[in-house]
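Before any comments, here is the structure.
We did not get these values from a lab; they are worked out from the coordinates using the rules stated. These figures come from a predicted structure and were not determined experimentally. Note that each Cβ is placed from the backbone with ideal geometry, even for glycine, and that neighbours are counted across all protein chains shown.
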Amino acid sequence: MKCPFCSHLEDKVIDSRLSQDGSVTRRRRECLQCSKRFTSYERVEEMMPLVVKKDGMRVVYDRDKIMTGLKKACEKRPVSSDDIDRAIDRIETKLAGLGEKEVESRLIGEAVMDELRALDEVAYVRFASVYRDFRDIKEFMSELTELIDIKKKTR
């Protein structure tokens with residue numbers, strides 16, 4: 001693995017640990033050239049479906065796009081990076097479990113919103129306001145009312 005400090009390609013693994021659910025292996029590595037340590041994560045590559053955008057264009061699934069959206073929504077909120085990673089893992093498991101070669105971007109957006117609703121309601125509303133492209137305060141209030149109604153039902 002390429003060292004992030006000196007770009008040397010040889011290292012040694014110092015420690016390996018599985019995540020709680022066993023889907024990711026965390027490895028501590030030490031570069032054999034500069035002796036600096038770094039962490040890598042290893043996960044099984046799942047065959048993710050192509051994403052069909054609103055305009056019909058097909059693009060390769062990109063975990064980083066979902067991560068960027070979640071991090072922006074959760075900025076300055078009490079949501080950890082581990083929470084975000086687990087949410088993305090659940091979304092990917094759901095997508096891979098569909099067994100489809102293609103999936104509409106709308107389905108991914110809804111899955112992200114479901115995860116955010118469970119993680120942090122403010123982050124959910126932030127994401128929803130951009131994702132659903134609210135045109136006025138009525139649409140925004142309608143979403144908030146729906147969120148409040150869901151919360152009341154779960155109590």
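Each label point is 7 Å from the Cα along the Cα-to-Cβ direction; what then is the distance between the points at K76 and E110, in nm?
That separation, rounded to one decimal, is 3.2 nm.
Dividing the alpha-carbon radius of gyration of the range 46-154 by 2.2 N^0.38 Å (N being the number of residues), what value is obtained?
So the Cα radius of gyration is 1.10 times the expected 2.2 N^0.38 Å.
Against the longest alpha carbon principal axis of the chain, how many degrees, from 0 to 90 and to the nearest 10, is the axis of helix 63-74 turned?
60 degrees
Just to confirm my understanding: which cysteines in the chain have no other cysteine beta carbon less than 4.7 Å from their beta carbon?
C74
If you line up the long axis of helix 137-154 against the longest principal axis of the chain, both from Cα atoms, how many degrees apart are they, to the nearest 10?
Relative to the chain, helix 137-154 is tipped by roughly 80 degrees.
With springs only between Cα atoms under 10 Å apart, run a GNM on the chain and tell me which of I137, I84, I108 wobbles the most.
In this elastic network of the chain, the residue with the biggest mean-square fluctuation among I137, I84, I108 is I137.
Please give every one of the lysines within straight-line cross-link reach of K12, meaning a C-alpha to C-alpha distance under 20 Å, and leave out same-chain neighbours fewer than 8 residues apart.
K2, K36
What nm value, rounded to one decimal, do you get for the distance between Y131 and Y41 when each label is placed 7 Å out toward the C-beta?
If labels sit at Y131 and Y41, their model points lie 2.0 nm apart.
When only DSSP loop residues count, what GluC sites (Glu not before Pro) in the range 54-155 have their Cβ near at most 11 other Cβ atoms within 10 Å?
Here the sparse-neighbourhood loop sites are E75.
What residues qualify as long-range amide H neighbours of D11, i.e. H under 5 Å apart, gap of 5 or more or another chain, H built at 1.01 Å from N?
L32
Return the whole-Å distance between the Cα centroid of the range 1-71 and the Cα centroid of the range 93-128.
Using only Cα atoms to place each centre, the spacing works out to 21 Å.
Can you spot the aspartates and glutamates whose alpha carbon is less than 19 Å from K76's alpha carbon? Ignore those fewer than 8 places along the same chain.
Once the sequence-local aspartates and glutamates are set aside, what remains near K76 is D85, E115, D120, E121.
If I model a spin label at K65 and K12 as a point 7 Å from the Cα along the Cα→Cβ vector, what separation in nanometres do I get?
Here the answer is 4.2 nm between the modelled labels.
Assuming R0 = 25 Å, what is the FRET efficiency of E100 and K152, from their Cβ-Cβ distance, to the nearest 0.05?
0.10
Report the gain in length on full extension from R90 to T25: 0.36 nm times residue separation, minus Cα-Cα distance, nm rounded to one decimal.
21.7 nm
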